[in-house]
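Data block below; observations after.
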Amino acid sequence: VYRGSVKDFPGFDASQDAEALYNAMKGFGSDKEAILDLITSRSNKQRVEICQSYKSLYGKDLIADLKYELTGKFERLIVSLMRPPPYSDAKEIKDAIAGIGTDEKCLIEILASRTNQEIHDLVAAYKDAYERDLEADVVGDTSGHFKKMLVVLLQGTREEDDVVSEDLVEQDAKDLLEAGELKWGTDEAQFIYILGRRSKQHLRLVFDEYLKISGKPIERSIRGELSGDFEKLMLAVVKCIRSTPEYFAERLYKAMKGLGTRDNTLIRIMVSRSEIDMLDIREVFRTKYEKSLYNMIKEDTSGEYKKALLKLCGGDDDAAGEFFPEAAQVAYRMWELSAVAKVELRGTVQPAGSFNDDGDAQVLRKAMKGLGTDEGAIIDVLTQRSNAQRQLILKAYKAHYGRDLMADLKSELSGSLAKLVLGLMLTPAQYDAKQLRKAVEGAGTDESVLIEIMATRNNQEIAAINKAYQEAYNKRLEDDLSSDTSGHFKRILVSLALGNRDEGPENLSQAHEDAKKLADVSSNASSDSLETCFLSILCTRSYSHLRRVFQEFIKMTNHDVEHAIRKRMSGDVRDAFLAIVRSVKNKPAFFADKLYKSMKGAGTDERTLTRIMISRSEIDLLNIRGEFVDLFDKSLHHMIEKDTSGDYRKALLALCGGED
């Protein structure tokens with residue numbers, strides 16, 4: 001099935017088109033609109049014929065005339081459309097390695113994403129256009145493992161058979177694991193050989209197997225084991241193997257998001273994919289970024305340049321009635337993987353080995369006695385003990401000195417550090433209870449805290465929080481939540497506060513039924529029954545069951561359930577349901593996102609930062625760190641280091657553990 005957005009023009013006549021272009025350019029000024037309309041509605045093969053016709057009719061070179069008549073980005077786009085794809089690629093690569101410095105990103109994008117045939121055509125076009133050898137030019141301009149992998153890709157010898165041997169899949173996954181994670185140092189040659197040679201079909205299974213045996217996606221290992229341009233190239237190769245349209249959707253998104261637009265990237269992708277997989281790219285884009293590629297181009301560009309890009313894009317996927325089978329597939333696969341990956345949850349804080357509660361109590365007393373306080377000593381002891389051990393230290397301190405350690409810490413420490421240290425001394429349930437209490441107390445309610453805690457804690461945790469809340473405040477948590485919130489939001493919180501979510505495995509026929517209910521109310525119900533229906537399923541079913549429900553939901557609607565929630569709901573109710581869905585999908589990723597938002601931009605939201613670092617330190621902070629790097633291309637450690645200071649920073653980094 002053809003998945004490009006630009007098709008052959010019916011009733012095409014090369015000399016008629018050549019004449020139209022000649023007329024659009026003759027005289028004073030040119031008719032840019034006519035030029036762009038004509039060129040974007042012809043296929044590349046037809047454009048090449050127009051060039052030949054133009055030459056025989058007028059004895060002039062059409063590309064040279066277009067260059068003379070047009071300027072800037074619009075000119076680059078139109079001229080790029082006139083070249084056959086292999087020559088376009090050749091020109092891009094020539095520009096990337098000519099002159100001072102190399103545009104590695106362009107080299108990576110082209111060589112990681114092209115098929116064997118496209119690579120062979122590119123090598124031939126390069127030789128024809130520049131009378132030079134592409135491999136020699138690339139070798140002369142790059143170095144190390146990066147160079148080796150580019151040379152492997154330039155051979156265009158990736159296996160193309162779809163016959164997959166199970167044994168080889170297991171062997172390759174094992175070899176990759178042993179070449180990286182399980183080895184001191186990294187055996188790059190193994191990565192180059194397996195990722196450079198095996199067929200796409202085969203490698204997709206290798207990646208699934210790798211996730212099974214290592215508990216992490218291959219991308220995370222590549223980030224940890226490789227570095228620099230070589231790392232970027234290998235990540236691009238993996239992305240293209242998983243889904244080339246997804247790789248390009250991400251490149252397009254990054255080219256336009258934030259300040260300024262990377263026009264070279266935008267032009268290169270829109271031109272090179274317009275006759276290959278633009279429809280697939282649009283579908284993935286729409287699902288992944290929740291806006292259509294069409295709209296993003298429209299917001300980000302202007303003038304004739306914009307018009308031409310939109311013609312290459314084709315339709316607008318935000319229009320009603322558009323379906324996204326491709327994108328739904330990508331989302332569906334993600335649910336599949338989240339269901340099979342046996343991810344082991346790991347905190348960063350372990351119980352100390354040779355633990356002596358009385359010895360620790362003495363160290364702490366010494367750190368606080370007399371003039372001044374030794375914050376460093378306090379941090380060293382408390383961040384390196386488990387919560388259970390800290391509870392024993394509290395008792396030992398009282399037994400030894402007849403003093404209350406909490407009171408002493410409170411009077412000796414101040415600011416963010418005090419909040420962090422005192423938080424570490426409470427049991428997890430006491431700490432959560434205290435955060436909830438603060439969120440409902442006084443004027444105004446901090447709904448985001450209520451959502452974060454209530455939507456992510458399991459039944460045991462909720463039961464413990466209820467008990468701790470009653471003990472500390474002589475009130476029932478449910479009563480406080482009720483009197484401080486209202487409407488559907490209140491009902492969601494009350495349901496979650498019961499802590500009686502099912503804990504059983506999925507039930508397929510039930511999951512199908514649940515998904516159908518959600519799909520039906522999403523498409524047509526009044527909002528009241530909509531929220532009630534979501535509540536009755538999202539707040540009561542087990543996580544493994546909900547994973548299956550969300551997967552079935554995609555099958556029925558071609559949309560991820562998040563999309564339906566965003567479209568139909570608003571405010572706290574929307575945020576609460578989204579938090580539950582994300583927590584079901586991938587809880588560590590949910591917290592990684594919250595941590596990132598607490599530090600990015602101006603100012604730091606220290607309350608959120610402190611709260612998550614404390615409450616996840618013994619549960620899944622290690623997993624959160626992994627997700628953080630995957631999502632934001634920087635380590636949590638690095639971001640805390642940049643964003644905080646003094647003893648507070650020292651304590652946070654101690655909880656965070658290593659650099660990723």
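Here's the yes/no breakdown for (1) within 21 Å of residue 419 (Cα to Cα); (2) open to solvent by 20 Å² or more (accessible area, probe 1.4 Å):
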residue	(1), (2)
597	yes, yes
601	no, yes
604	yes, yes
611	yes, no
627	no, yes
631	no, yes
638	no, yes
654	yes, yes
request  = Take the stretch 61-113 and flag every residue that is surrounded by 15 or more Cβ atoms within 10 Å (Cβ to Cβ) and among the hydroxyl-bearing types (Ser, Thr, Tyr).
outcome  = 80, 87, 88, 102, 113
ask   = Taking residue 156 and the conditions (1) of a type outside the set (Val, Ile, Thr); (2) open to solvent by less than 30 Å² (accessible area, probe 1.4 Å); (3) modelled with pLDDT under 95; (4) part of a loop (DSSP other than H, G, I, E, B), which numbered condition does it fall short on, given that it satisfies the others?
value = (3)
query = Just one of the numbered conditions (1) in a loop (DSSP other than H, G, I, E, B); (2) modelled with pLDDT of 95 or more; (3) exposed (fewer than 15 other Cβ atoms within 10 Å of the Cβ); (4) not hydroxyl-bearing (Ser, Thr, Tyr) is not true of residue 45; which one?
reply = (1)
inquiry  = Given (1) closer than 21 Å to residue 110 by Cα; (2) aromatic (Phe, Trp, Tyr); (3) assigned to a loop (DSSP other than H, G, I, E, B), identify the lone condition not met by residue 193.
reply    = (3)
task = Report yes if some residue within the stretch 469-485 is closer than 25 Å to residue 550 by Cβ and either open to solvent by 20 Å² or more (accessible area, probe 1.4 Å) or assigned to a helix (DSSP H, G or I) (or both); otherwise report no.
result = no
key: Looking only at the stretch 206-234, and only at residues there that are in a loop (DSSP other than H, G, I, E, B) and within 16 Å of the chain's Cα centre (by Cα), the one that is farthest from residue 623 (Cα to Cα)   = 217
ask   = Considering the stretch 160-179 alone, what residues qualify as being open to solvent by less than 70 Å² (accessible area, probe 1.4 Å) and under 29 Å from the mean Cα position of the chain (by Cα)?
value = 169, 172, 173, 175, 176, 177, 179
task = Output the qualifying pairs, or none if there are none: Cβ atoms under 7 angstrom, residues six or more apart or on different chains, first residue in the stretch 405-424 and more than 20 Å from residue 655 (Cα to Cα), second residue among the aromatic types (Phe, Trp, Tyr).
result = 405/397
remark   = Checked 602, 564, 576 against criteria (under 24 Å from the mean Cα position of the chain (by Cα) and within 30 Å of residue 641 (Cα to Cα)); the one match is 602
task = Can you give me the number of residues within the stretch 410-421 that are open to solvent by 30 Å² or more (accessible area, probe 1.4 Å) and closer than 19 Å to residue 396 by Cβ?
result = 2
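The values are calculated or read from the model by the stated rules, or taken from the named source; none is laboratory data. Quantities reported herein were computed from a predicted structural model and do not represent experimental measurements. All Cβ positions, even for glycine, are placed from backbone atoms using ideal geometry, and neighbour counts span all protein chains on display. Side chains included, ligands, DNA and RNA excluded: accessible areas come from the protein's heavy atoms. Shrake-Rupley method; radii C 1.70, N 1.55, O 1.52, S 1.80 Å.
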